[in-house]
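Please read the structure below before turning to the comments.
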Amino acid sequence: MALPQPKAYTEEAYYELPEEIRAELIDGQFYDMAAPSRVHQRILSELHITIGQYIREKGGSCEVYPAPFAVRLFPDDNKTIVEPDISVICDRRKLTDRGCTGAPDWIIEIVSPSTASHDYIRKLNLYAEAGVREYWIVNPADQSVYVYLLEGDGFRTTAYTFQDKIKVNIYDDLYIDFSSVL
């Protein structure tokens, strides 16, 4: 006798969620997203402003979007839609009225205690598979930043602290100074 299988949801179900419910759809399964803390939101705001100002000052073609912003990582997969804390997209053809279809060039996730394994394991593997060029995991609790750079089919990792000035690798001259973020 076959074991019962969980229901697999699609993009249609994701967009039918009530507006007040935040969830991500990964491989057909919903994952609830807890309300972010004040520190989480402060870091998100500072990073969004810093990155946006840099792009504007340089006249860059990339666009930066804070959560909630729907990212369908794989154009042919309607069962995976994530909402990274920050998404930087340099190929404007990926932008749609609903968000982004295809891998952003740079994603930043700010870890909450309830989402740590989700960001460090599930999303890390998902982002590598999708071809995200640069992925940062910012952990306010231990004041660390892990920078993952795509090399081949996997990420190379470098660890930093909030006392470091961290180079953004998709740009030649952008550095984020985390000591000024908090």
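Bear in mind these aren't lab numbers, they're just calculated from the coordinates by the rules spelled out. Predicted model only: the values in this text are computed from it and were never measured. Neighbour counts are summed over all protein chains in view; Cβ atoms, including those assigned to glycine, are modelled from backbone coordinates with ideal geometry.
Counting only residues that are surrounded by fewer than 24 Cβ atoms within 10 Å (Cβ to Cβ), of a type in the set (A, V, I, L, M) and farther than 20 Å from HIS40 by Cβ, how many does region 90-111 have?
Final tally of qualifying residues: 1.
For region 125-147, which residues satisfy the criterion of being without any contact (Cβ under 8 Å) to a residue 60 or more places away in the chain, in contact with a strand residue (DSSP E or B) (Cβ under 9 Å, 6 or more places away or on another chain) and under 15 Å from VAL111 (Cα atoms)?
Residues satisfying the conditions are TYR135, TRP136, ILE137, ASN139, ASP142, GLN143, SER144, VAL145, TYR146, VAL147.
Answer yes or no: is there a residue in region 123-131 that is under 20 Å from CYS100 (Cβ atoms) and in contact with a Lys or Arg (Cβ under 7 Å, 6 or more places away or on another chain).
No, region 123-131 has no match at all.
Being among the acidic types (Asp, Glu) and closer than 18 Å to TYR127 by Cβ is the filter; apply it to region 22-51 and report the residue that is surrounded by the most Cβ atoms within 10 Å (Cβ to Cβ).
Filtering region 22-51 for residues among the acidic types (Asp, Glu) gives 24, 27, 32, 46.
Subset that is closer than 18 Å to TYR127 by Cβ: 24, 27.
Details: GLU24: 23, ASP27: 11.
Looking at the filtered set, the residue picked out is GLU24.
Would you mention how many residues in region 157-182 are within 17 Å of the chain's Cα centre (by Cα) and either surrounded by fewer than 12 Cβ atoms within 10 Å (Cβ to Cβ) or under 23 Å from GLY52 (Cα atoms) (or both)?
Number satisfying all stated conditions: 4.
So which residues in region 123-182 are among the basic types (Lys, Arg) and not in a strand (DSSP E or B)?
The answer is LYS123, ARG133.
I'm checking my understanding of the structure. Among residues of region 12-32 that are among the acidic types (Asp, Glu) and under 18 Å from the mean Cα position of the chain (by Cα), which one is nearest to THR115 (Cα to Cα)? It would help to see each step written out before you state the result.
Filtering region 12-32 for residues among the acidic types (Asp, Glu) gives 12, 16, 19-20, 24, 27, 32.
Pick out the ones that are also under 18 Å from the mean Cα position of the chain (by Cα) and you get 24, 27, 32.
Working: GLU24: 12, ASP27: 17, ASP32: 9 Å.
So, considering only residues that are among the acidic types (Asp, Glu) and under 18 Å from the mean Cα position of the chain (by Cα), the one nearest to THR115 (Cα to Cα) is ASP32.
Kindly provide the set of residues from region 35-70 that are among the charged types (D, E, K, R) and within 17 Å of GLU83 (Cβ to Cβ), ordered by number.
Selection gives GLU63 alone.
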